[in-house]
1. Just give me the residues in segment B:209-224 being surrounded by fewer than 24 Cβ atoms within 10 Å (Cβ to Cβ) and either within 12 Å of B:Thr244 (Cα to Cα) or acidic (Asp, Glu) (or both), in sequence order.
2. When segment A:251-278 is examined, which residues are found to be in a strand (DSSP E or B) and out of contact with any helix residue (DSSP H, G or I) (no Cβ under 9 Å at 6 or more places or on another chain)?
3. Which one of B:Gly321, B:Gly315 is surrounded by fewer than 20 Cβ atoms within 10 Å (Cβ to Cβ), more than 19 Å from B:Leu100 (Cβ to Cβ) and at pLDDT 90 or above?
4. Please go through (1) within 13 Å of chain A (Cβ to nearest Cβ); (2) over 19 Å from B:Gly219 (Cα atoms) for B:Val145 and return the number of the only condition it doesn't satisfy.
5. Restricting attention to segment A:217-250, report how many residues are outside any loop (DSSP other than H, G, I, E, B), small (Gly, Ala, Ser) and either within 14 Å of another protein chain (Cβ to nearest Cβ) or more than 20 Å from A:Asp57 (Cβ to Cβ) (or both).
6. Quick one: in segment A:200-216, of everything that is in contact (Cβ under 8 Å) with a residue 60 or more places away in the chain and away from chain B (no Cβ under 12 Å), which residue is surrounded by the fewest Cβ atoms within 10 Å (Cβ to Cβ)?
7. For B:Ala97, only one of the following conditions fails: (1) within 10 Å of chain A (Cβ to nearest Cβ); (2) more than 19 Å from the chain's Cα centre (by Cα); (3) not basic (Lys, Arg). What is its number?
8. For A:Ala56, only one of the following conditions fails: (1) touching a residue at least 24 places away in the same chain (Cβ under 8 Å); (2) within 14 Å of chain B (Cβ to nearest Cβ); (3) touching a strand residue (DSSP E or B) at 6+ places or on another chain (Cβ under 6 Å). What is its number?
Amino acid sequence: MKKQITRKTFILTAVVGGIILMTAVILNTVFTSIQTVNATNEAVAEVSSFYLEAMADRRAKTITNLINNNFDQMKKAVDFINNEPIGSDEELRTAIGSLKSLLSLDRFALVDTDNIVYTQYTTYTGGSRHAFLSNDTMDKRYISTVSIYGSSKQLCLAAPTPDLVIAGKQYKASFVQIDVKEIVDLLAFEDEGRTYFGLYSKNGENLSGTKLGDFISGHNLLDTVKKVIPEESWNEHCDNFSNGVEGSITYTVNGSDETLCYVPVEGTDWMMVVLICDSVIQNRIRSISEHSLLLSRRQVAFILILSLILLFILLTMMKTLSERDLAAEKENTKTFRNMANTDSMTGVRNKHAYSDAEALLNQRIRENDIDKLGVIVCDINGLKLVNDTLGHAAGDKLIKDACALICEHFTHGAVYRIGGDEFVVILQEKGYDTMLEELDMVNREIEENIKKNEVVVSIGYSTLTPEDQMVHDVFERADQMMYKRKKQLKQMGAPTRPDSPQA
Amino acid sequence: MRYYHKKAGMIPLVLIAAVVLSSCSTASSGAAASSGTGSSEVTVTDGSTGTSEEDPRSEDAVNSAVNFDHELDQYEPKKDHYNFYFTYKIVHPWWDAVALGMEDAQRKFLDKGITITYEYMAPEAASAEDQTKRLLEVRDRDFDVIGVDVADEEVISPVLDEMVDSGIKVMTFSSSDAAEGCKRIAYVGNTHNYQDGADLTEALCEKLGYKGKVAILVGSKGAPCHEDRARGAKDTIAKYSDMTIVATEYDMDSVDMAYDLTKKILADTPDLDGIICCNMSNPVGAARAVTETGSDTVIVGMDHDQEALHYLKDGIIYCLGVQDCYSIGFDTLQNAVKIADGNKPGELFQEKTDEITTVIYQEDAAIMLELLYGDN
């Protein structure tokens, strides 16, 4: 059986459909926003990594340049000393001091073949102090990190001096020691607090004494990051440190992302490490993304509210229209019902209405729910004669006059036209109580009308008796009485149809 | 010997190391300034061992075991240039640490407009003969003061007396003073080597429950500091009837030799319970050998070698006696200036200063590595 679409079904479908549609819009917006944020973060990470790598690489090159520059300066110093007529240790100290100042060489010193070190102020046996002196001969440059007793770390640059002979003594090497703190000063960032850097050994030991953010701080880098990255990744970074391969590490600490890049410093065992905590770029773009997301959410919320308001208005309007339609339908029904129960000529109830009333009264009689009921049967005298002689218009007027007469006297009763010239009046309650008085009055008026040649109506009546089973029983008695009255009135000169058997 | 025992963690001290160092060194410097000697107060414990109750001062003590924060005292040098000669027993990192203290003092004098030049020389192998030769070579050179870390007090003391008699200003420094009665003007360094040896041995004995077989590794034969520590060790062992000394060997300040000697001792005495190391090379060589052989022999030793500190950190070495080499070097140069100016021991400086030694344990190793070598 095909299900009929009702108004309720239609509204329900509209509401549910609207909600589904709005949910889909919201979810789609949120999903799109999340996708956008993720894509942005990935892009930012790549940019940050590139940025960090560039910074680390630039600083590593700065150190390389520093190293090369010091080697060049050392060579100049050695060449100068080699050409000077130095005859004593005192003169050598003076020369070393002058060159140190002139060429900005930190702790510039010479070493003879007995591993005795000559500086501006001291001469000392340095075999145990300088690692590059562990070999008897020296044939190449030597770069090392010196852990000085007392925490200070220095970069030691040593170069062989095969041609250096002073006062007949052969010298095997020259060297400078640069304090790592000075290198740190050279590399210092301007945006400290957001970007950090540090120099690290192959095993992750901090050489520069600089803090690499709050998490790694001054600790061993590899040991520290081991806590926040997968072991496989950690092993890879250890290998990179050990083999001097650049790389980057990203991790999250206390909800904050940190990215660090490391690049090897050429010629040394060092790793230059640069770290960004909560990258400015990342924060900025994240802020933009979040702002966009907020805007999208607001738009969705606005559309949702607007849709709900619109839906409410539509539903309200629909309800109003429905109520109006329902009222009109009720009115039409009432009109149709009135039209069906009303005599169009006289305006009183018709036979159909009488039948309905009779059925209701019969029901009450059966239920013994009624005790006052009077039925008056009225018949217009001479209607056919008028129709035949004066025309139907005069006949209609006669009918209307008769109806008016009846209605005028039985104002508390229900008047029905049940035939062309026949009316019935149903009287209950007050109409019943005044029935006889009104009958008397109307009959007198009718009798007067005979003399004035106006409308004459024959009236019979009866009331409900305990023996009556239905209204028709009462009607029959009233009808018989009406016929008797018609005869009386004829005798009194009332008009009647010409071929009437009574005539 | 300052002898503190700490079983609690020392890690938090890293954070306050600077503050502690500053406060401790200030106190130390203040004392030095007031006395004019540059010496440090010595705290000697009651000889109880590493299992004793924690000393609340211990964390500070480890940080101040080596004082890197020195200032010159109020003494005003009479000249603007001094030239010194120092000779010590052997080319060895221990004396490199002393040299750093001297260089610190030299820089601080330079900041005051006083130039100090000096030679700081030693042979590759400890030798009283070599030291004698060096002293004879420099006696006629124009040095304001000659400083000597006595290689062998019996051999060197007469040489020093002779030099003093000839008008040369002579002082002794770092690990070993000259013999009692030597005419040298003053000594800056460790004056409690015997007690250092005794205290380390006492710690070992307690660890071993006062019973077992032990070996003693010594540095250079005749070196007063090494011999004194060995004597202190032997006398302590002698107090306990259930402890025996199975070997006493000299590594001549060579780590490699210490390693070889330890392996030999372990081979000869597989059930060796402990090794007492009287110098800086001993514990390194011993720890290498013990690690290699997998022995559970307990090692106690001297000094601050970086490798030894790592062995301490790893639990291979039980404890180390750390001397304040930096302060020894600083005070040596500062007193040398006063001696060069003709001052005698008294108000300006002590005839014999007494630098500190601090015994540290496994839990102290990390902070000591950080303190001495920035090793994190």
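The values are calculated or read from the model by the stated rules, or taken from the named source; none is laboratory data. Note that this is a predicted model, so its numbers are computed, not measured. Heads up, the Cβs are rebuilt from the backbone with ideal geometry, glycines too, and the neighbour counts pull from every protein chain shown.
1. Result: B:Tyr210, B:Lys211, B:Gly212, B:Lys213.
2. A:Thr252
3. Result: B:Gly315 is the single residue among B:Gly321, B:Gly315 that is surrounded by fewer than 20 Cβ atoms within 10 Å (Cβ to Cβ), more than 19 Å from B:Leu100 (Cβ to Cβ) and at pLDDT 90 or above.
4. That leaves (1) as the condition not met.
5. 2
6. A:Asp214
7. Every listed condition holds for B:Ala97 apart from (2).
8. (2)
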